[in-house]
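See structure below.
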2 protein chains.
Amino acid sequence: MSLRFAKRMDNMRASEIREMLKLTQRPEVISFAGGLPAPELFPVEEMKDVFVKVMEEYGRIALQYGPTEGYEPLREKILDRMVKVKVDKLTTDNILITSGSQQGLDFVAKAFINPGDVILCESPTYLGAINAFRAYEPRFVEVETDDEGMILEDLEKKLEENENVKFIYAIPDFQNPSGRTMSIERRKGLVELANKYNVAIVEDNPYGELRFEGEINPAIMHFDTEGRVIFLGTFSKIFSPGLRVGWIAAEKEVLKKFVLIKQGADLQSATVNQIAVAKFLDDFDIEVHIDKIKNVYKRRKDLMLNTIREEFPEGIKVTDPDGGLFTWVVLPKHINARELAAKALEKNVAYVPGGSFFPNGGNENTFRVNYSNMEEERIVEGVKRLAQVIKEALTEVRA
Amino acid sequence: MSLRFAKRMDNMRASEIREMLKLTQRPEVISFAGGLPAPELFPVEEMKDVFVKVMEEYGRIALQYGPTEGYEPLREKILDRMVKVKVDKLTTDNILITSGSQQGLDFVAKAFINPGDVILCESPTYLGAINAFRAYEPRFVEVETDDEGMILEDLEKKLEENENVKFIYAIPDFQNPSGRTMSIERRKGLVELANKYNVAIVEDNPYGELRFEGEINPAIMHFDTEGRVIFLGTFSKIFSPGLRVGWIAAEKEVLKKFVLIKQGADLQSATVNQIAVAKFLDDFDIEVHIDKIKNVYKRRKDLMLNTIREEFPEGIKVTDPDGGLFTWVVLPKHINARELAAKALEKNVAYVPGGSFFPNGGNENTFRVNYSNMEEERIVEGVKRLAQVIKEALTEVRA
C-alpha cells in the first residue's frame with residue numbers, strides 16, 4: 001500500500017533546527033541552536049493569577065467557540081503594540097488573531113502563491129518561513145543584503161527580472177538569522193519599490209520591541225500608504241510562545257481574505273489563551289516585563305560578543321545585534337559549518353548551520369547562534385569550545 | 001492598488017454558518033443554527049483547579065515552545081480515546097496533536113490534493129470540511145447516502161468512474177449535518193473498497209463517544225488493515241472547543257507527513273492547553289463528564305423530536321439521531337429552505353439551510369437543526385415557530 005500524496009509534499013522536509021534540537025537536549029550540551037525565549041523570565045505566578053480570573057470571570061466563554069477574527073478586547077490591545085512600532089491608523093478590523101506568527105507565514109503563502117510564483121526574500125532568511133512557504137511551491141529569489149538589510153538596487157533588479165513576484169518577505173529588526181536591522185531609509189525604499197512594481201510586502205516582526213537601547217524602529221508598515229504591507233506580529237518573544245497567540249495586521253479587505261483562510265485552517269485560535277493574554281495586559285504592565293527580557297538578553301548578548309572577540313581567531317565576521325535573540329557568524333569561505341557542527345556536538349556545543357537559511361543553498365561557511373536561552377557561565381564556556389573547534393578546523397585546512 | 005491573490009482564493013467563501021451565527025446572536029432569537037456544545041456543562045471549576053496546577057507544576061514548560069508532535073503524556077492519553085472506538089493497536093507515534101479537528105481537515109487536503117483531484121464525500125457533508133478542502137481546489141464527487149450512510153454501490157461506481165480520487169471523506173457517527181450513523185457493515189465495505197481502489201479514507205469522528213444509548217461503534221479505522229484510514233479526533237465536543245485540542249491518528253509513515261505540515265502551519269498547538277487537557281484527564285473522570293453531556297443532549301433531542309412530531313405538518317422527513325448534536329429536516333421538494341430561513345428569522349428562530357452542505361449544490365429543501373445548545377423551553381417554542389413558518393410556506397405554495 002502506498003498512498004498518493006500531493007505534489008507539494010515533495011518539497012517539504014523536516015526543519016533542520018527542530019531535528020537538531022532533539023540531539024541537543026542532552027543536559028551536557030551547551031546549545032546555541034534553538035530560538036527559545038528564556039523560560040526563567042516567563043511570568044508564571046502572574047499567569048496563575050490570570051488563569052484563575054479567566055475561569056472565574058469568563059469560564060463558559062473561555063471554554064467555548066469564539067469568533068474566527070479573534071477575541072475583540074485582545075484585538076483592541078494589539079492596536080497598542082502596533083502603535084509601539086509607529087503604526088497608528090489601524091482599527092480592530094485590521095487585526096486577525098493567529099496561532100503564533102508562524103501561522104501568519106502559512107497564510108500569506110496560501111493567500112498569494114500559485115505554484116511557480118516568486119517570493120523575494122532576504123538572503124539569508126528565516127528557515128521556518130522557507131518551510132511554510134515551500135508547501136505552496138513558490139520559486140525563491142534571494143535579495144542581497146548588507147548590514148542595513150536588503151540592498152535596494154539588487155531588490156529592484158530582481159523585481160524587474162522576475163515575473164509573478166507576489167510578495168517581498170522581510171524581517172526588519174534583528175533579523176533571524178543574521179541579527180541585522182534594516183535601516184529606515186531602506187524601509188522607505190522598500191515600500192516605494194513595492195508600490196512601483198505592485199507587489200505585497202510581508203513584514204515579519206517578532207523582535208521589534210526587543211531593542212536593547214534607544215527608540216524602537218518604525219515598522220515597514222509605518223511607511224505604507226497603499227495598504228500593501230501585511231504585518232505579522234506575535235506575543236511569543238515578548239511574553240510566551242506556549243500560548244500560541246500572534247496576529248496579522250493588514251488592510252481591511254486584505255484581512256478578510258485571511259479571515260476566510262483562518263476559518264478553513266482551524267476555525268479560530270484558542271479562546272482561553274486569547275482571553276488570558278488580554279487579561280494579563282489588563283492586570284500587569286507588559287512594558288516592565290519587556291524591559292526585564294531586554295536587560296537579560298542584552299547582558300547575554302554582550303557577554304557572548306565579548307567572549308567571541310576574545311576567543312575566536314581572526315578573519316571571522318560576527319554580527320553585533322541591537323536587539324533580538326540571535327547573532328550570525330561568517331567563517332572563511334573554505335570552512336563548512338555543517339561539517340563543523342558535528343565536531344562541535346562532539347564537544348557538546350551546538351549551533352544551526354547557516355546554509356539552511358538560504359532557500360537556494362550555498363553559504364555553507366555561516367552559522368546562527370542564539371544567546372537568549374543560556375545562562376551566562378555556559379555562554380562563556382560554549383563560545384570557548386566553539387572557538388577551539390574553529391581553530392582546529394582552520395589548522396587542519398592549512399595542514 | 002489591487003494585490004494579486006492566488007487562484008485558490010477564488011474558491012473560498014465565508015462559511016454560511018459563521019455568518020448566520022452573527023445574525024442570530026440577538027438574545028430574542030432561538031437559534032438552532034450553531035453547532036456549539038452546551039456551555040453550562042463545561043467543567044469550569046475543575047479547569048480553574050487544573051490551570052492552577054499546570055502553572056504551579058509545569059509553568060515554565062507550559063509557557064514555552066514544545067514539540068511539534070504534541071505533549072507526550074497527552075498523546076498517551078489519546079490512545080485511551082482511540083480504544084473507546086475500538087482502535088487498540090496504536091502507539092504515540094501514531095498521534096499528532098492538532099488545533100481542533102478542523103486543522104486535521106485542512107491538513108488532509110494539503111497532504112493529498114493537487115488541483116483537480118477528487119474527494120469522494122457523503123451527500124450531504126460537513127460544511128467546514130467543504131470550506132477547508134476548497135482551498136486546495138479539489139473536485140467534489142458526492143456519494144449517495146441513506147439511513148445507513150454511504151451507499152456502497154454508488155461509492156464503487158464513483159471510484160470506478162473518477163480518476164485521481166485521493167480520499168473518501170466520511171463522518172461515521174451522528175453525521176454533521178444529517179444526524180445519521182454509518183452501519184457496521186457499511187464501514188467494513190468502505191474499507192474494502194478503499195483497499196481495492198487504493199485510496200485513503202479520512203474518518204472525521206468528533207461525535208462517536210456521544211452515543212446516547214448502547215455501545216459506542218467501532219471506528220472505520222477499526223476495520224483498517226492497511227494503514228489507509230486517517231482518523232480525526234477532538235476534545236471539542238466531549239470537553240471544550242475553546243481549548244482547540246484535537247488530533248490526527250494515522251499510520252506512522254503517514255503521520256510523519258502531517259508532522260511536517262504542522263511544523264510549517266503553526267509549529268505546534270498551544271503547550272499550556274495540551275498540558276491542561278492531560279491534567280484534567282489525570283485528575284477528573286472524563287467518562288462521568290461525557291455521561292453528563294449525553295444525558296442532557298439526549299433529553300434535548302427527545303424533546304425536539306417529540307415536538308417536531310407533534311407540530312410539523314405531514315410529509316416532512318426528520319432524522320432521529322442516536323447521538324451527537326444535530327438533526328436534519330427534509331421538506332417537500334418545492335419548498336426552498338434558504339428562503340424559508342429569512343422568514344424564520346423574522347419570527348426569531350434560526351437554522352442552517354441544508355443546501356450549503358452539498359458541495360455541488362442542490363437539495364435546497366433541507367435544513368440542519370442543532371439541539372445541544374438550547375434550553376428545553378426554548379426548544380419547544382422554537383420548534384413551534386418553525387412549524388408555523390413551514391405550514392405557512394406550504395399554504396402559500398398551494399394558494
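If residue B:5 meets every condition in (1) part of a helix (DSSP H, G or I); (2) farther than 30 Å from residue A:49 by Cβ; (3) within 7 Å of chain A (Cβ to nearest Cβ) apart from one, which number is that one?
Single failed check for residue B:5: (1).
Among A:93, A:117, which is the only one that is under 25 Å from residue A:6 (Cα atoms), touching a residue at least 24 places away in the same chain (Cβ under 8 Å) and of a type in the set (Asp, Glu)? Even if it seems obvious, please write down each step before you answer.
Values: A:93 fails: under 25 Å from residue A:6 (Cα atoms).
One residue alone meets the criteria, A:117.
Quickly run through the stretch A:222-258 and pick out the residues that are within 8 Å of chain B (Cβ to nearest Cβ), part of a helix (DSSP H, G or I) and in contact with a strand residue (DSSP E or B) (Cβ under 8 Å, 6 or more places away or on another chain).
Selection gives A:254 alone.
Being assigned to a helix (DSSP H, G or I) and more than 12 Å from residue B:49 (Cα to Cα) is the filter here; which residues of the stretch A:39-51 pass it? Give the steps one after another, and end with the answer.
Step one: filter the stretch A:39-51 for residues assigned to a helix (DSSP H, G or I), giving A:39-41, A:44-51.
Listed by number, the residues that qualify are A:39, A:40, A:41, A:44, A:45, A:46, A:47, A:50.
Please list, ordered by first then second residue, the pairs with beta carbon atoms under 6 Å, 6 or more apart or interchain, first in the stretch A:268-286 and closer than 12 Å to residue A:70 by Cα and within 14 Å of chain B (Cβ to nearest Cβ), second among the small types (Gly, Ala, Ser) and assigned to a helix (DSSP H, G or I).
A:271/A:62; A:272/A:62; A:275/A:62
To keep it simple, each residue is scored yes or no on (1) touching a strand residue (DSSP E or B) at 6+ places or on another chain (Cβ under 9 Å); (2) within 11 Å of chain B (Cβ to nearest Cβ); (3) more than 27 Å from residue A:145 (Cα to Cα).
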{"site": "A:85", "(1), (2), (3)": "yes, no, no"}
{"site": "A:89", "(1), (2), (3)": "no, no, yes"}
{"site": "A:93", "(1), (2), (3)": "no, no, yes"}
{"site": "A:98", "(1), (2), (3)": "yes, yes, yes"}
{"site": "A:102", "(1), (2), (3)": "yes, yes, no"}
{"site": "A:108", "(1), (2), (3)": "yes, yes, no"}
{"site": "A:114", "(1), (2), (3)": "yes, yes, no"}
{"site": "A:118", "(1), (2), (3)": "yes, no, no"}
{"site": "A:122", "(1), (2), (3)": "yes, no, no"}
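Considering each residue of the stretch B:290-329, count those that are more than 30 Å from residue B:235 (Cα to Cα) and surrounded by 15 or more Cβ atoms within 10 Å (Cβ to Cβ), and give that number.
Narrowing the stretch B:290-329 to residues more than 30 Å from residue B:235 (Cα to Cα): B:307-317.
With the extra rule that they be surrounded by 15 or more Cβ atoms within 10 Å (Cβ to Cβ), the set shrinks to B:307-308, B:311-312, B:316.
Result for the stretch B:290-329: 5.
Got a number for residues in the stretch A:369-399 being among the β-branched types (Val, Ile, Thr) and surrounded by fewer than 21 Cβ atoms within 10 Å (Cβ to Cβ)?
Of the residues in that region, 4 qualify.
What residue, among those in the stretch A:33-51 that are of a type outside the set (Val, Ile, Thr), crowded, with 21+ Cβ neighbours inside 10 Å and modelled with pLDDT of 95 or more, is farthest from the chain's Cα centre (by Cα)?
If we take residues in the stretch A:33-51 being of a type outside the set (Val, Ile, Thr), crowded, with 21+ Cβ neighbours inside 10 Å and modelled with pLDDT of 95 or more, then A:51 is farthest from the chain's Cα centre (by Cα).
What is the one condition in (1) modelled with pLDDT under 95; (2) in a loop (DSSP other than H, G, I, E, B); (3) under 20 Å from residue A:375 (Cα atoms) that residue A:21 does not satisfy?
Answer for residue A:21: the failing condition is (2).
For the stretch B:164-212, name all the residues that are polar (S, T, N, Q) and either crowded, with 24+ Cβ neighbours inside 10 Å or under 25 Å from residue B:241 (Cα atoms) (or both).
Our first condition is that a residue be polar (S, T, N, Q); within the stretch B:164-212, this holds for B:164, B:175-176, B:178, B:181, B:183, B:195, B:198, B:205.
Those that are polar (S, T, N, Q) and either crowded, with 24+ Cβ neighbours inside 10 Å or under 25 Å from residue B:241 (Cα atoms) (or both): B:175, B:176, B:178, B:181, B:205.
Given the structure, is residue A:312 assigned by TED's automatic domain parsing to the domain that holds residue A:381, more than 18 Å from residue A:374 (Cα to Cα) and at pLDDT 95 or above?
Working: assigned by TED's automatic domain parsing to the domain that holds residue A:381: yes; more than 18 Å from residue A:374 (Cα to Cα): yes; at pLDDT 95 or above: yes.
For residue A:312, the condition - assigned by TED's automatic domain parsing to the domain that holds residue A:381, more than 18 Å from residue A:374 (Cα to Cα) and at pLDDT 95 or above - is met.
From the list A:54, A:83, which residue is of a type in the set (A, V, I, L, M, F, W, C), assigned to a helix (DSSP H, G or I) and surrounded by 17 or more Cβ atoms within 10 Å (Cβ to Cβ)?
On the way: A:83 fails: surrounded by 17 or more Cβ atoms within 10 Å (Cβ to Cβ).
When all the criteria are applied, what remains is A:54.
Would you check which residues across the stretch A:57-79 are in contact (Cβ under 8 Å) with a residue 60 or more places away in the chain, part of a helix (DSSP H, G or I) and closer than 22 Å to residue A:103 by Cα and list them?
A:62, A:73, A:74, A:75, A:77, A:78
Return the residue satisfying two criteria in turn: it lies in the stretch A:124-163 and is small (Gly, Ala, Ser) and buried (at least 24 other Cβ atoms within 10 Å of the Cβ), and of such residues it is farthest from the other protein chains (Cβ to nearest Cβ). Write out each step before concluding.
Within the stretch A:124-163, the subset small (Gly, Ala, Ser) is A:128-129, A:132, A:135, A:149.
Filter again for buried (at least 24 other Cβ atoms within 10 Å of the Cβ), leaving A:129, A:132, A:149.
Working: A:129: 9, A:132: 4, A:149: 23 Å.
Across the stretch A:124-163, the extreme among qualifying residues is A:149.
Does any residue in the stretch B:295-310 that is free of Cβ contacts under 8 Å to residues at least 12 places away in the same chain come within less than 9 Å, Cβ to Cβ, of a residue that is of a type in the set (Val, Ile, Thr) and buried (at least 20 other Cβ atoms within 10 Å of the Cβ) six or more places away or on a different chain, and which pairs are these?
Every condition considered, the pairs that remain are B:310/B:383.
The values are calculated or read from the model by the stated rules, or taken from the named source; none is laboratory data. Bear in mind the structure is a predicted one, so any value in this text is a computation, not a measurement. Glycine also receives a Cβ, built like all others from the backbone with ideal geometry; neighbour counts cover every protein chain displayed.
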